[in-house]
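The values are calculated or read from the model by the stated rules, or taken from the named source; none is laboratory data. The structure presented is a predicted model; accordingly, all values stated were derived computationally and were not measured. Note that each Cβ is placed from the backbone with ideal geometry, even for glycine, and that neighbours are counted across all protein chains shown.
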Protein chains: 2
Amino acid sequence: MTIKRLARLVLLLAILFNAAISQADEGMWLFSDLPEEHLKDQYGFEPSDDWVEHVMLSSVRFNSGGSASFVSSNGLVLTNHHVGASTLAKLSTAEHNYHQDGFLAATIADEIPAPDLELNQLRSIEDVTDRVLGAVTSEMNPTEASAARRAAMTQIEQESLEATGLRSDVVTLYGGSRFHLYCYKKYTDVRLVWAPEFEAAFFGGDADNFEYPRFCLDVCLFRVYENDEPAEIEHFLSMSDNGAADEELVFISGNPGRTERILTVAALKFQRDHSLPYVLDSLRRREILYQQFGFEGEEQERLSRDELFGVQNSRKALTGRLQGLQDPVLMAEKEQAEAELLAKINADPELQEYAAAWLVIEALQHRKQEMLGQTSGFSSDLYNIANTLAFMAVESEKPNEERLRTFRDSARASLEQRLYSPAPISPELEIAELGDSLAHFVELRGGDDPLVVQVLDGKSPQARAAELVLGTGLLDIATRRSLAEGGKTAIDEANDPMIELARLMEPESRRLRAISEEIGELERQAYAKIADAIFAVNGTDGYPDATFTLRLSFGPVRGYVENGRQIPPMTTLGGAFEHEASHGSEVPWHLPPSWHERRDALDLDTPCNFVCTGDIIGGNSGSPVINRDSELVGIVFDGNIQSLVGNYIYSDDVPRAVSVHSSFMLEALRKIYDAEHLLEQLGL
Amino acid sequence: MTIKRLARLVLLLAILFNAAISQADEGMWLFSDLPEEHLKDQYGFEPSDDWVEHVMLSSVRFNSGGSASFVSSNGLVLTNHHVGASTLAKLSTAEHNYHQDGFLAATIADEIPAPDLELNQLRSIEDVTDRVLGAVTSEMNPTEASAARRAAMTQIEQESLEATGLRSDVVTLYGGSRFHLYCYKKYTDVRLVWAPEFEAAFFGGDADNFEYPRFCLDVCLFRVYENDEPAEIEHFLSMSDNGAADEELVFISGNPGRTERILTVAALKFQRDHSLPYVLDSLRRREILYQQFGFEGEEQERLSRDELFGVQNSRKALTGRLQGLQDPVLMAEKEQAEAELLAKINADPELQEYAAAWLVIEALQHRKQEMLGQTSGFSSDLYNIANTLAFMAVESEKPNEERLRTFRDSARASLEQRLYSPAPISPELEIAELGDSLAHFVELRGGDDPLVVQVLDGKSPQARAAELVLGTGLLDIATRRSLAEGGKTAIDEANDPMIELARLMEPESRRLRAISEEIGELERQAYAKIADAIFAVNGTDGYPDATFTLRLSFGPVRGYVENGRQIPPMTTLGGAFEHEASHGSEVPWHLPPSWHERRDALDLDTPCNFVCTGDIIGGNSGSPVINRDSELVGIVFDGNIQSLVGNYIYSDDVPRAVSVHSSFMLEALRKIYDAEHLLEQLGL
């Protein structure tokens, strides 16, 4: 099963993107605009308003980048191990490596506070399009339009924050054609309850990532607190008795991060020929960097592991995406669809004016190409803190509406939580990251560039990085606070080398940011027109591209055919042991000792992982998979490799969402991890 | 000893390139022009003509890229395991993995023929500068000059081949200021005698590569044959009784591949800002490719391992080189030296005309920058075979002097040995390599480039690669022969997809080659002038940049100071076991079972690896280290990380050549590998 043969490879490649595409269950739907007719016609399912509200309020967003759900009345939050991984890494030390070895709080008192997590529960959605678009007049140039829109958004958010006390974000939808106000209850006291061993959660490692069949227990439990007590949660998902079944209709409620299905052909070609190759070069560079750093020793391996897996995951995902774009057949499909749409627009006198938007997008790709590699940032937590402080000092002196959005009053609490995070920062890893980042900066601009000469200050990138990291006081949180409170004077007078570097970089950062904003604004205007044109031609029966806001996807649990071979919809716990044995138990196919100790007690027929056709993308990790009775039947943790092109185009033919089956989690909690107290809280 | 602490890192970086540079033992000297005065003054050593001739004739070049020496009268050749690795990989199968598990021929009859090795013994050196330069007149444009010089070189080589029967190569020295005819006796029947396990040869893996202290048994033995019998060898190196001693003067006789010490500042900046970053991106891309391929299974890991280590080695070496160039202090030194030289030239009316050469080099860097990424090649053995056949068909129809140098008559035998090599080619690995290479081609030129569209033929890069590899008949050596013998007609009529691709690419290959040749010719002319100017200013007491021809380096066995810590000149066999234990025996710090079985019998005080100040670079791998009595005392296998900048500048302060001590090899042959019969042949 796991040995990939040549023939399979060849046929896989042929099948990969050429299959006829049916779009039956396409869509990452807004909770305020669900495809009710399709659900009724296709599945005979009519979700009640209560059903929708219950699912929405049970869903949780990890602001660090992921999805989750409430699963008990006393605040238990279920997500993926890999969504919790950055927190697990921050909580780990050389003595207690929770990321590697797992963790189980025996009692509520043993639960460990996460240093800087913010969890969001979506409370309401309001269409504020008219107010945002009303702030922009046709006489405004792009910079003015952007500022006016930003001011309107900030004002709406500020008003909402004051009125409700909720985190209030205006979200740009349909490429800038619609604006919705999303209000969230925030949880910032979040504690670790349980995580299995890394070997169980990421069984098969980078090699099995994006592959299927899979056997990963990629889950962990946190708990939200209020006033130092477990929060009381009204809406949470109950566990299904049996979990997901083959061909059962299931729903995925989560926060897909970003899709680009609206992109024009010109924009896709920019991605194919310039943007993705550039980003992939950078990712491979960082992958090698972290690998090499990890070679230095066990502690270094621990420090860089979470970063390494994140980079590997992105590299593999973007490689798949680029392979999709490099397929002439896929591009020809996109070209044909665009040509047909443009033909309809050009044939209709009332729509003709929209056609220019495609030309604007095309022209902007050339400007974006010039911007590639014109970066002013460095990979270093300490530098990013310095940079935030330097910007904050200047921005805070401006009226709220005129500030960069990161620094608006309504976002201040979230910003400060990150800025004053007690999460450990390793100077050694910082030196490696910043040194490489400075070296990349030299490569991108050339060693004789005046800014490069100033940045290096006569030293090699590696020596300069060491000087900066060892010389800064920003490891100390009190120092950050005092610099933030001291405002512009404190920043200007600081003789901290990292602050000095951030000050040196600030004009260039603002210059590049201004160009990006102008391009972004022109793109937004053009894509808003394109979205309007699509509405006009196809009607409004659509969904917007993903924006890391709550969406509902759905589709049946269903296997697929790959290389003429039927891939079953589910794996079993017994299959995990077989998968281990077939790889000689070698890392990364090595299950944790706890599993082997309890093997005899386990029901090896327990469903393990399963696939369904639901439309997902990165950010959906940790999303609850829900049945018609709004019970939790699984947790999304991956897509198969064929789903990666979903950034541009959906198909339910071979692409699949991959989930942990709820029965697998319960069997493990009960028989491997002896977590009866948690099962009880889960109502089992 | 092996745990690298932060403080060490920081100081290392500070020390790395800023140390005062003494150039006491700089030089990769021509055997025809040794620094006799320096050796006499500095070391009181006056090598006799016999000494020089004996060392030269005992030295061996691996044409696959490495150095070696004869060590017995019956043809034993000693080199590095990593020089023999590509052959070990070619001889290995899923059943017998000699690369991993090692090999020992119990008798001469058990020695295994290498599929395509060519070993060279340098027999004579003749200065043919006047004849080569005499062929070029001042009226000729670069293309004509290049052709005339090439014709002269080809004619000299052909005459020499006919007169002596020896492989005859005209070598370009001093950037094109001098030309020497090197004649070699060729050995093409080369058989594997002994290789230790990979875990012994590459102990510490990529992590320890370019590091010191080290503990690698990076050696293996081949034997050359003539007429199916072990060749009788007159000049070979005897083993020293005690091997190298601390502070002893030692000589390194080998073939350094390439240095670039003559480069102007403009050329160095092109390397820093454009060429090296581009090459490193490509290397990291290939590193990830081979890693991912190796994940597919044990057999895939075996198939790609040698390629992976080669790529990792290059990536690490070039990263070190780029770090050197990015150090403003090193560049300032180079700038100052160049400014001083130019001041002298400009002050001397007879030399002033030479100054223009620096401007020519600077102008050429812009053209080289435009050429970066304009590649017409693909990473695939089968494609390279097709490409060679397609070019050969056209070139063979031209008179010998007008052909591309690869296809001249005097090089035909070597070319055919490679072309008809029975070394196995894995279609699966070929598909992965060619698929990635095609994808890179799309990235570099853009998916809409007409040649890209033709090359992909409507398929994705991966699908197209599979089609080409599975469709070609070139796996079959007889097919290659018949296409070669059929000449242009056979190539034109072949409906082999790989040949068709090579034909499609041929015009673009020739176009790019013509531009490269023109640039190369102009560079050669300019560097020849620069070399002449340096001769005029500094006298002729120098050595030319490395050209993968035999050179002699020398210097004492000597430790060094790194981060205030004294690094001893030698390690011991016992240290290898300690190094293993300090890394918990984890891969790549896992010594082979054979070592543990025999541990009690071993003398743990045996010297293991050692360092000396001799001037080396890639290509020197496998070079014999020789004492004043022309006995073999070690085998070079690496440089420390500080030596990597030696491509541009030599120092004997911290940079060191790293060698296997001869006593270590003998102890292992005797007590671990039970190779008494080989020790006997070695005269022990």
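A:GLU443 satisfies every condition listed in (1) surrounded by fewer than 16 Cβ atoms within 10 Å (Cβ to Cβ); (2) free of Cβ contacts under 8 Å to residues at least 24 places away in the same chain except (1).
Could you please let me know if B:THR549 is closer than 20 Å to B:ASN80 by Cα and either over 28 Å from the mean Cα position of the chain (by Cα) or at pLDDT below 95 (or both)? No, not satisfied. With respect to B:GLN365, is the statement that it is assigned to a helix (DSSP H, G or I), touching a residue at least 12 places away in the same chain (Cβ under 8 Å) and among the polar types (S, T, N, Q) true? Answer is yes for this residue.
Before we move on, is B:ASN313 without any contact (Cβ under 8 Å) to a residue 12 or more places away in the chain, out of contact with any Phe, Trp or Tyr (no Cβ under 7 Å at 6 or more places or on another chain) and in a helix (DSSP H, G or I)? Considered against the rule, which asks whether it is without any contact (Cβ under 8 Å) to a residue 12 or more places away in the chain, out of contact with any Phe, Trp or Tyr (no Cβ under 7 Å at 6 or more places or on another chain) and in a helix (DSSP H, G or I), B:ASN313 comes out as no. When we screen A:ALA494, A:ALA514 for residues that are among the small types (Gly, Ala, Ser), closer than 30 Å to A:VAL469 by Cα and crowded, with 21+ Cβ neighbours inside 10 Å, the only hit is A:ALA494. Taking the criterion of being touching a helix residue (DSSP H, G or I) at 6+ places or on another chain (Cβ under 8 Å), surrounded by fewer than 22 Cβ atoms within 10 Å (Cβ to Cβ) and on the phi < 0 side of the Ramachandran plot, the residues of the stretch B:203-227 that qualify are B:ASP206, B:ALA207, B:ASN209, B:GLU211.
Yes or no, residue by residue, for (1) among the hydroxyl-bearing types (Ser, Thr, Tyr); (2) more than 30 Å from A:GLU53 (Cβ to Cβ); (3) buried (at least 23 other Cβ atoms within 10 Å of the Cβ):
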{"residue": "A:GLY574", "(1), (2), (3)": "no, yes, no"}
{"residue": "A:PHE577", "(1), (2), (3)": "no, yes, no"}
{"residue": "A:HIS583", "(1), (2), (3)": "no, yes, no"}
{"residue": "A:LEU602", "(1), (2), (3)": "no, yes, no"}
{"residue": "A:GLY618", "(1), (2), (3)": "no, no, no"}
{"residue": "A:ILE641", "(1), (2), (3)": "no, yes, no"}
{"residue": "A:VAL658", "(1), (2), (3)": "no, no, yes"}
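Every condition in (1) modelled with pLDDT under 95; (2) more than 30 Å from A:THR93 (Cβ to Cβ); (3) more than 10 Å from chain B (Cβ to nearest Cβ) is met by A:LEU303 except one, and the failing one is (2). It is to be established whether one or more residues within the stretch A:324-342 are outside the structural domain of A:PRO588 (by TED's automatic domain parsing) and under 30 Å from A:ALA514 (Cβ atoms). Scanning the stretch A:324-342 turns up at least one residue that is outside the structural domain of A:PRO588 (by TED's automatic domain parsing) and under 30 Å from A:ALA514 (Cβ atoms).
Condition check ((1) surrounded by fewer than 20 Cβ atoms within 10 Å (Cβ to Cβ); (2) among the polar types (S, T, N, Q)) across all residues:
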{"position": "A:GLY134", "(1), (2)": "yes, no"}
{"position": "A:THR154", "(1), (2)": "no, yes"}
{"position": "A:VAL171", "(1), (2)": "yes, no"}
{"position": "A:GLY176", "(1), (2)": "no, no"}
{"position": "A:TYR184", "(1), (2)": "no, no"}
{"position": "A:THR188", "(1), (2)": "yes, yes"}
{"position": "A:LEU192", "(1), (2)": "no, no"}
{"position": "A:ALA195", "(1), (2)": "no, no"}
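All of (1) modelled with pLDDT under 95; (2) within 27 Å of the chain's Cα centre (by Cα) hold for A:GLY683 with one exception: (2). When you scan the stretch B:247-255, do you find a residue that is assigned to a strand (DSSP E or B), surrounded by 21 or more Cβ atoms within 10 Å (Cβ to Cβ) and small (Gly, Ala, Ser), even just one? Yes, because at least one residue in the stretch B:247-255 is assigned to a strand (DSSP E or B), surrounded by 21 or more Cβ atoms within 10 Å (Cβ to Cβ) and small (Gly, Ala, Ser).
When you scan the stretch A:234-248, do you find a residue that is within 21 Å of the chain's Cα centre (by Cα), acidic (Asp, Glu) and under 22 Å from A:PHE62 (Cβ atoms), even just one? Scanning the stretch A:234-248, I find no residue that is within 21 Å of the chain's Cα centre (by Cα), acidic (Asp, Glu) and under 22 Å from A:PHE62 (Cβ atoms), so the answer is no. Candidates A:LEU280, A:LEU325: the one that is over 19 Å from A:PHE202 (Cβ atoms), under 18 Å from the mean Cα position of the chain (by Cα) and within 10 Å of another protein chain (Cβ to nearest Cβ) is A:LEU280. Tallying residues that are closer than 18 Å to A:TYR650 by Cβ and within 14 Å of chain B (Cβ to nearest Cβ) within the stretch A:537-592 yields 0. Evaluating B:SER482 against the criteria (1) hydroxyl-bearing (Ser, Thr, Tyr); (2) assigned to a helix (DSSP H, G or I); (3) touching a residue at least 12 places away in the same chain (Cβ under 8 Å); (4) more than 14 Å from chain A (Cβ to nearest Cβ) leaves one unmet condition, (3). Of the residues making up the stretch A:173-209, just one is at pLDDT below 95, of a type in the set (S, T, N, Q) and within 21 Å of the chain's Cα centre (by Cα), namely A:ASN209. When A:LEU475 is tested against the conditions (1) more than 14 Å from chain B (Cβ to nearest Cβ); (2) of a type in the set (A, V, I, L, M); (3) over 21 Å from A:GLU395 (Cβ atoms); (4) outside any helix (DSSP H, G or I), the lone failure is (1).
When residues in the stretch A:286-300 are screened for being under 21 Å from the mean Cα position of the chain (by Cα) and within 8 Å of another protein chain (Cβ to nearest Cβ), 1 of them pass.
Among the residues of the stretch A:110-125, write down those that are out of contact with any Lys or Arg (no Cβ under 8 Å at 6 or more places or on another chain) and part of a strand (DSSP E or B).
A:SER124, A:ILE125
With a requirement of 2 or more residues that are of a type outside the set (Lys, Arg) and in contact with a Cys (Cβ under 9 Å, 6 or more places away or on another chain), the helices (runs of 4 or more DSSP H) lying completely within the stretch A:127-214 that satisfy it span A:142-164, A:198-201. Yes or no: the stretch B:334-352 includes at least one residue that is within 14 Å of another protein chain (Cβ to nearest Cβ) and either buried (at least 19 other Cβ atoms within 10 Å of the Cβ) or modelled with pLDDT under 95 (or both). Yes, that holds for at least one residue.
In the stretch A:418-438, is there at least one residue being away from every other protein chain (no Cβ under 14 Å), under 30 Å from A:THR143 (Cβ atoms), touching a residue at least 12 places away in the same chain (Cβ under 8 Å) and not polar (S, T, N, Q)? So far as the stretch A:418-438 goes, yes, one or more of its residues are away from every other protein chain (no Cβ under 14 Å), under 30 Å from A:THR143 (Cβ atoms), touching a residue at least 12 places away in the same chain (Cβ under 8 Å) and not polar (S, T, N, Q). The sole residue among A:LEU364, A:LEU389, A:LEU342, A:LEU330 that is out of contact with any Ser or Thr (no Cβ under 7 Å at 6 or more places or on another chain) and under 29 Å from A:GLN158 (Cβ atoms) is A:LEU389. Remark: A:THR87 matches the filter, which requires a residue to be buried (at least 18 other Cβ atoms within 10 Å of the Cβ), assigned by TED's automatic domain parsing to the domain that holds A:PHE222 and of a type in the set (Ser, Thr, Tyr).
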